[in-house]
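The values are calculated or read from the model by the stated rules, or taken from the named source; none is laboratory data. Source: prediction; values computed, not measured. Here the Cβ positions follow ideal geometry from the backbone for every residue, glycine too, while neighbour counts run over all protein chains shown.
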Number of protein chains: 2
Amino acid sequence: MSEWQQTKEQFRKYVKTMKSYEEAIGLLYWDMRTGAPKKGIPGRSEVVGELSDVHFRMSVSEQMGGFLDALTQPEANAQLDAVTRRMVEECKKDYDRNKKIPPELNQEYVVLTSKAEAVWEDAKHNDDFAMFLPYLEKIVEMNLQFIELWGYEGHKYNALLDLYEPGMTVAKLDEVFATVRARAVPLLQAIAASPYQPDRSFLAQTFAKEQQKAFSLFMLKEMGYDFEAGRLDETVHPFATGLSPNDVRITTRFLPDDVVSAVMATIHECGHALYEQNIGEELYGTNMAGGVSMGIHESQSRFWENMIGRSGAFWNRYYGDLQRHFPGQLDGVEAAAFVRAINHIEPSLIRIEADELTYNLHIMVRYEIEKGLFDGSMKVADLPEIWNSKYKEYLGIEPPTNALGVLQDVHWAGGSFGYFPSYSLGNMYAAQLLNTLEKQLPNVFELVEAGQLLPIKEWLADNIHKHGKLYQPSELIRRVTGEDLNPEYLLGYLENKYKSVYGL
Amino acid sequence: MSEWQQTKEQFRKYVKTMKSYEEAIGLLYWDMRTGAPKKGIPGRSEVVGELSDVHFRMSVSEQMGGFLDALTQPEANAQLDAVTRRMVEECKKDYDRNKKIPPELNQEYVVLTSKAEAVWEDAKHNDDFAMFLPYLEKIVEMNLQFIELWGYEGHKYNALLDLYEPGMTVAKLDEVFATVRARAVPLLQAIAASPYQPDRSFLAQTFAKEQQKAFSLFMLKEMGYDFEAGRLDETVHPFATGLSPNDVRITTRFLPDDVVSAVMATIHECGHALYEQNIGEELYGTNMAGGVSMGIHESQSRFWENMIGRSGAFWNRYYGDLQRHFPGQLDGVEAAAFVRAINHIEPSLIRIEADELTYNLHIMVRYEIEKGLFDGSMKVADLPEIWNSKYKEYLGIEPPTNALGVLQDVHWAGGSFGYFPSYSLGNMYAAQLLNTLEKQLPNVFELVEAGQLLPIKEWLADNIHKHGKLYQPSELIRRVTGEDLNPEYLLGYLENKYKSVYGL
């Protein structure tokens, strides 16, 4: 083996060890959220902290620096296989970014955000924005410091967007969100004005938890979720976590008075899980084994939840199964009425309960505020007022309290800026993918209606999942759909669907 | 802070990090045994391997060497608090031992035993000792190499005993086992000859799993198991694992045709768990936080399972609860008859199913063989014959196949020599502790009969659990009972109990 090849092998081994830490940390988190005994949590958090610290130090170690130096030399780099070249690129990105932040500053930030999360909880509970204000100001200030240290192109906020959606920019988001807003707001107004509102009264029943679980398991099987490489558990907040492609766990929740919640959460999380389960085998144990961005990940969950799971075709096939799981409870209700009910659109104050149309408007409020905070056009102190006026403008409703307004999400307390747009990007990518899928598999909804979901899963696996992080999000979307991110598909999908649901 | 104090603090922090690795590894194992998806197991094993390797390297690192050098200097050492002094002592023991084995040799051994375990499985399945022979020979040979490298005092086997029961020697075991054998074998013969055999026919029923679980949970509560610092799961082989004193998990199994199995396994594992849950708080995060030896650990599980859980007093209190959990199924059976049934004594071929009397004889067979292998008086090739003749001699029965004889346990394939005696030591320690407990808490069995198990738990916590690994096993036993390990207590207990059960 040449020296260069040895370095390459050592680098890959080193990355594999880092992945082992991620896998262990992933399990520690999963366990804390699914059933770890209460008294063990503080100690367990320290264990996570210790292992995360080792992982972080590995990403900026001299050894890593040496690997990157050697493997980014033009001659060596040119000889690398495509996967290893991307591995090097990603490690270098992390290395450069992490190296620029002095450890003390990072430590200060960890302490600040962990305090801020606790303060936020109290502030929300007491509807007291003033209490949270100094923390949020400091978090924004420190993020501005980080941005200066990292460096940025164009808008400062780009540096934060890049953490979740590599390559995404304010310029692009301004453009797509303007397009969405211009058509989503009128669509929402038309829906609100429609006399043809769905009846949802029959959903107000008690649905046995055991049967909800049975139906969830049934749906997971139908969608091709591999139970030999995963499991379903129950948590307060549903999530999916890929410990490795061979162990991708889902959680959901069973609310006795809301059967739709569990069904949709399960389908949504399964969308995430299928992505992680179908990563290409040649990427196992590398830093390419995972979803490429939050937006692309969210496109998978939302594709399954909304485009498939709330479609008429889907329930033409599966409504009978749902009825059988709850004998007598849905007897007098037609599949079509059920579909209308679960596609009910209504502006609400709380993002996490929003429907697929208004969700984008919730996100836009946050996007515009984050952008304003980082270009200096908005002050943290003014956020309650700004928040409320934007909700009025986009959603036509105004929060009666800050707890239901600007304080509703924990993300900012944790320092997660640049993350929210991923949700809307997920919706846009999903619709764009659906458009391509329908061209390449013309009878998509006939397949759905026949209960043949696997060809859809396979298409997504071949086009998206198997590539892991090999391609940047924009490149991936171009490869699959032949064009850049284009919000027209989402808008067309929404207008078309809701014209029918609301008889517009 | 003086330099010496800084070193001390750094050393303690370093040990805490090692404990964090142990906690993570513990959870990874627990997860693999309780519900990790099948396809994830091979990758998960690699993760365990990577983290274990880091842990091992930390135990023999230059940094550890430096700490130990500094903190074993007489002046520094004299200033240490008692806990840190013991921490240093234990780390030094591991350091010295691990440093003596060349890494390649250790690697070779890991590969050998992992292969041997697979071969053993096939050999047992095919009743083919010859197939396993070369592996077992090589394992013994390598252990002899290790013993030479480690060094030893007296018998070579002492070096292996020390791994599980620090300070235990062949000289001591020869003495206690001779005493036990001299009285256990005649007792067994008298029992076999008794015309007054317990009726067990009423146990041959189907007991609903859900109710077995409910009763297990009830018993755990009665024994003072802290559910906020633990949880109960189901596995094929019951176990307890202390991830930290605040997270001590139990598993048990529910056999539909054997209610006694789950009850006793739960009580047994709870005995282990109480030990780990009641470690003194000042030991948290140190290498003193855990049971001091396999034998002392086993004394806790066997104390609860046998001395308490199979006692008449216990079932005078709890038999009604058991009956209530299985309505109608035990109606015609008196508590006394139930107690006799679960104290049935019968020589059997399989150790793990053995009763509390014959168990010790099973262990003696293995002890004598292990001793013989390491002093050269026995050859691996002769083991089937030796095994069978010893079973005949001690238990009066002979295995019809090697699968039911010398091949029955996996331990040797994994290289666990010196481990088996812990089980009998557990029985002896337990009886000795009971004797002291009865002096210090004279109405022990009245408390049991009144369902007041907590004072017993507290006594064990104060006398054994809270000390963690602070005292060597022999020292601990002397501190609590005022004398060295003494098999008379076990023999007295067995003779007394079984005279009554069998009307001798």
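Quick check on the range A:252-261. Is at least one of its residues in contact with a Gly (Cβ under 9 Å, 6 or more places away or on another chain), of a type in the set (F, W, Y) and assigned to a loop (DSSP other than H, G, I, E, B)?
Pass one, the range A:252-261, residues in contact with a Gly (Cβ under 9 Å, 6 or more places away or on another chain): none.
No.
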- Task: Kindly indicate whether any position in the range B:195-211 is buried (at least 17 other Cβ atoms within 10 Å of the Cβ), touching a residue at least 24 places away in the same chain (Cβ under 8 Å) and more than 25 Å from B:G396 (Cβ to Cβ).
- Result: yes
message: Looking at the structure I just gave you, is A:G271 within 15 Å of the chain's Cα centre (by Cα) and within 14 Å of chain B (Cβ to nearest Cβ)?
response: no
Of the conditions (1) surrounded by fewer than 17 Cβ atoms within 10 Å (Cβ to Cβ); (2) over 30 Å from B:A381 (Cα atoms), the single one that B:V60 does not satisfy is (1)
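Rundown of residues vs (1) of a type in the set (S, T, Y); (2) crowded, with 17+ Cβ neighbours inside 10 Å; (3) more than 23 Å from A:L144 (Cβ to Cβ); (4) outside the structural domain of A:N287 (by TED's automatic domain parsing), yes/no style:
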residue: A:G66; (1), (2), (3), (4): no, no, yes, yes
residue: A:A78; (1), (2), (3), (4): no, no, yes, yes
residue: A:D81; (1), (2), (3), (4): no, no, yes, yes
residue: A:M87; (1), (2), (3), (4): no, yes, yes, yes
residue: A:Q107; (1), (2), (3), (4): no, no, no, yes
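Residues in the range B:1-54 that are in a loop (DSSP other than H, G, I, E, B) and facing another protein chain (nearest Cβ under 8 Å): how many?
Taking the range B:1-54 and keeping what is in a loop (DSSP other than H, G, I, E, B), we get B:1-2, B:35-37.
So of that shortlist, the ones also facing another protein chain (nearest Cβ under 8 Å) come out as B:35-37.
Qualifying residue count, the range B:1-54: 3.
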Yes or no: the range A:146-158 includes at least one residue that is in contact with an Asp or Glu (Cβ under 9 Å, 6 or more places away or on another chain) and aliphatic (A, V, I, L, M).
no
Requiring at least 1 residues that are modelled with pLDDT of 95 or more and basic (K, R), the helices (runs of 4 or more DSSP H) wholly within the range B:116-219 are B:129-150, B:170-193
Looking across the range A:55-74 at residues that are over 29 Å from the mean Cα position of the chain (by Cα) and not in a helix (DSSP H, G or I), the single one that is farthest from A:V111 (Cα to Cα) is A:Q73
Restricting attention to the range B:394-412, the residues that are within 18 Å of the chain's Cα centre (by Cα) and buried (at least 19 other Cβ atoms within 10 Å of the Cβ) number exactly 1
Against the definition (under 14 Å from B:K8 (Cβ atoms) and away from every other protein chain (no Cβ under 14 Å)), how does B:N106 come out, yes or no? no
Looking across the range B:371-393 at residues that are touching a residue at least 60 places away in the same chain (Cβ under 8 Å) and surrounded by fewer than 19 Cβ atoms within 10 Å (Cβ to Cβ), the single one that is nearest to B:L133 (Cα to Cα) is B:A381
Q. If we scan the range A:75-88, do we find a residue that is touching a Phe, Trp or Tyr at 6+ places or on another chain (Cβ under 7 Å), in a helix (DSSP H, G or I) and either within 13 Å of chain B (Cβ to nearest Cβ) or under 30 Å from B:L283 (Cβ atoms) (or both)?
A. no
Those residues of the range A:263-311 that are touching a residue at least 60 places away in the same chain (Cβ under 8 Å) and closer than 24 Å to A:A336 by Cα come to a total of 9
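Yes or no, residue by residue, for (1) part of a helix (DSSP H, G or I); (2) in contact with a Pro (Cβ under 7 Å, 6 or more places away or on another chain); (3) not basic (K, R):
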residue: A:V339; (1), (2), (3): yes, no, yes
residue: A:H344; (1), (2), (3): no, yes, yes
residue: A:G372; (1), (2), (3): yes, no, yes
residue: A:S377; (1), (2), (3): no, no, yes
residue: A:L383; (1), (2), (3): yes, no, yes
residue: A:N388; (1), (2), (3): yes, yes, yes
residue: A:L407; (1), (2), (3): no, no, yes
Going residue by residue through the range A:181-203, is there one that turns out to be outside the structural domain of A:E22 (by TED's automatic domain parsing) and more than 30 Å from A:L504 (Cα to Cα)? no
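What number of residues in the range B:467-491 are outside any loop (DSSP other than H, G, I, E, B) and crowded, with 16+ Cβ neighbours inside 10 Å?
Looking only at that region, the number is 11.
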For A:E305, the lone unmet condition from (1) over 25 Å from the mean Cα position of the chain (by Cα); (2) within 25 Å of A:S416 (Cβ to Cβ) is (1)
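Has the range B:225-247 got at least one residue that is in a helix (DSSP H, G or I) and within 23 Å of B:A354 (Cα to Cα)? So that I can check it myself, show each step before the final result.
We begin by selecting, within the range B:225-247, every residue in a helix (DSSP H, G or I); these are B:227-229.
Okay, now just the ones that are also within 23 Å of B:A354 (Cα to Cα), so none.
Looking for residues that are in a helix (DSSP H, G or I) and within 23 Å of B:A354 (Cα to Cα), one finds none in the range B:225-247, hence no.
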